[in-house]
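Student: One structure is given below, represented as structure tokens, and several questions about it will come after.
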Amino acid sequence: MEFIQPGSWAEALAIQAELPAAVPLAGGTDLMVELNFGARRPGALLDLTRITELRHWDIDGNQVRLGAGVTYSQVITELRGKLPGLALAARTVGSPQIRNRGTVGGNLGTASPAGDAHPPLLAARAEVEIASVTGTRSLPVDQFFTGPKHNALEPGELIAAVRIPLPSGPEQFSKIGTRNAMVIAVAAFSLALRPDCQEVGTGIGSAGPTPRRARQAEKFLAAALAEAGLWESRARLPDAIGAEFGDLVAAAAEPIDDVRGTAAYRRHGLAVMARRTLAWAWQDYQHGYDGAGYEGERDEPCE
Ligand SMILES: Cc1cc2nc3c(=O)[nH]c(=O)nc-3n(C[C@H](O)[C@H](O)[C@H](O)COP(=O)(O)OP(=O)(O)OC[C@H]3O[C@@H](n4cnc5c(N)ncnc54)[C@H](O)[C@@H]3O)c2cc1C
């Protein structure tokens with residue numbers, strides 16, 4: 001097996017163009033497991049760890065541009081104020097060792113339905129920045145997942161970054177596992193309230209062939225809050241709204257029975273998580289939380 005270590009992004013893209021079968025390596029926390037179990041035997045590995053810009057994030061307008069090689073530990077320590085949903089999810093990933101090595105770009109690369117970064121990225125309406133020698137394209141994250149462990153990358157393409165709008169309101173994340181750490185989600189859910197657009201974002205994990213949004217639930221909640229004037233008043237949220245939201249989230253899932261849980265349990269868990277994350281987010285909103293770092297105008301339009 002050839003081991004290629006480019007020193008720059010341009011070099012990495014050139015190699016990926018020349019050798020599209022070379023498999024990119026970031027933290028290796030998914031890939032090395034596959035290699036060690038003999039599940040994969042690529043002819044070449046393209047080690048991206050020497051490309052320093054991949055490990056950086058910056059603010060670009062009202063977005064965080066998160067380099068594909070930013071680790072979960074970085075998200076937790078450096079971005080918990082700016083991206084609270086993603087940081088909450090990052091805290092549930094593996095163990096400290098896994099969080100030190102594992103990257104958001106690697107989570108997207110694997111595209112597992114159970115990847116914990118995916119629900120908050122979906123809820124935040126993030127975009128994946130994809131690069132090749134011919135240029136860069138951007139894809140909404142809900143179009144990036146094409147099937148179980150399949151993504152929209154074409155041969156010769158690499159994930160450069162994820163662009164995540166700074167939140168204008170509270171974000172929450174919840175995950176069901178069989179224990180508190182080192183656990184693959186039985187089901188996961190993320191919620192983002194977007195008061196500037198009077199919109200709601202959702203992300204469902206581990207309950208369908210791909211991570212997905214609960215679009216009907218998003219529409220219902222945004223409209224219910226608008227009809228009752230709650231976006232403005234921040235008054236108490238009627239229980240019936242939370243209950244209906246939970247049911248619509250559960251209905252949006254397409255879970256299966258497997259070793260980690262039954263489809264029925266996953267649906268039930270999603271309804272509970274949706275109600276709870278809404279209650280937590282609403283409490284934050286009532287306490288005046290309007291996001292951190294968000295300043296007025298959005299770069300991207302409301303939907
Ligand atoms: C013990 C253990 C516990 C874990 N717990 C969790 C958990 O709780 N939640 C969770 O979501 N995951 C968990 N994982 C899985 C893994 O840690 C995550 O999916 C992590 O985000 C992978 O990132 P990485 O940088 O290690 O990716 P790698 O293993 O380096 O790569 C993963 C895939 O992405 C591709 N890739 C990497 N970077 C790029 C790029 N820039 N462009 C294109 N393709 C790229 C690789 O080719 C590979 O196919 C766990 C893994 C282990 C071993």
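Student: Return, ordered by residue number, the residues of the range 89-128 whose backbone nitrogen is under 11 Å from a label point located 7 Å along Cα→Cβ of SER138.
Tutor: 126-128
Student: Separate question: Suppose R0 equals 22 Å; then what is the FRET efficiency for ALA226 and ARG276 from their Cβ-Cβ distance, rounded to the nearest 0.05? Let's see the in-between values first.
Tutor: Values: r = 22 Å, r/R0 = 1.02.
E between ALA226 and ARG276, to the nearest 0.05, is 0.45.
Student: Also, I was wondering about something else. What is the extension gain from THR77 to SER95, computed as 0.36 nm multiplied by their sequence separation minus the C-alpha to C-alpha distance, in nm to one decimal? Mind showing how you got there, number by number?
Tutor: Details: separation 18, 0.36 × 18 = 6.48 nm, distance 1.49 nm.
That works out to 5.0 nm of additional length.
Student: In terms of solvent-accessible area of protein heavy atoms at a 1.4 angstrom probe, what is the ranking of HIS287, HIS150, highest value first?
Tutor: Working: HIS287 150, HIS150 115 Å².
Largest accessible area first, the residues go HIS287, HIS150.
Student: Okay, next question. Test of the criteria: in the range 193-285, which trypsin sites (Lys or Arg not before Pro) are in a DSSP loop and have at most 11 other Cβ atoms within 10 angstrom of their Cβ? Don't jump to the answer; show the numbers that get you there.
Tutor: Numbers: sites: ARG212, ARG213, ARG215, LYS219, ARG234, ARG236, ARG260, ARG266, ARG267, ARG275, ARG276; in loops: ARG213, ARG234, ARG236, ARG260.
Sites meeting the loop and neighbour criteria: ARG236.
Student: For the range 4-100, what is the accessible area per residue in Å², given a 1.4 Å probe and the full set of protein chains? Present the calculation step by step, with values, prior to reporting the outcome.
Tutor: On the way: 4570 Å² over 97 residues.
That works out to 47 Å² per residue.
Student: Considering only protein heavy atoms and a 1.4 Å probe, what is the carbon-and-sulfur percentage of the accessible area of the range 48-92? Before the final figure, lay out the partial values.
Tutor: Working: 900 of 1900 Å².
Its accessible area is 47 percent carbon and sulfur atoms.
Student: Still on this model: Can you tell which of ILE204, LEU193, PHE145 lies farthest toward the positive end of the dipole of the chain, using +1 and -1 charges on the Cβ of basic and acidic side chains (Lys, Arg; Asp, Glu)?
Tutor: Ranked along the dipole, the leading option is ILE204.
Student: In addition: Can you tell me the accessible area per residue over the range 216-259, all protein chains present, probe 1.4 angstrom, in square angstrom? Don't skip to the answer; put the middle values down first.
Tutor: On the way: 2370 Å² over 44 residues.
Accessible area per residue, the range 216-259: 54 Å².
Student: Once you place label points 7 Å from the Cα toward the Cβ at HIS150 and TYR265, how far apart are they in nm?
Tutor: 2.9 nm
Student: I'd like the FRET efficiency for ILE184 and SER233, computed as 1/(1 + (r/R0)^6) with the beta carbon distance as r and R0 of 51 Å, rounded to 0.05.
Tutor: The value I calculate is 0.80.
Student: Please report the carbon-and-sulfur percent of the accessible area for the range 174-270; probe 1.4 Å, protein heavy atoms only, DNA, RNA and ligands left out. Don't skip to the end; give the middle numbers.
Tutor: Working: 2390 of 4330 Å².
The value for the range 174-270 is 55 percent carbon and sulfur by accessible area.
The values are calculated or read from the model by the stated rules, or taken from the named source; none is laboratory data. This structure is a prediction, so every number in the text was calculated from the model and none was measured. Please note: Cβ atoms are built from the backbone with ideal geometry, for glycine as well, and neighbour counts cover all protein chains shown. Surface accessibility is based on the protein's heavy atoms, side chains included, excluding ligands, DNA and RNA. Shrake-Rupley method; radii C 1.70, N 1.55, O 1.52, S 1.80 Å.
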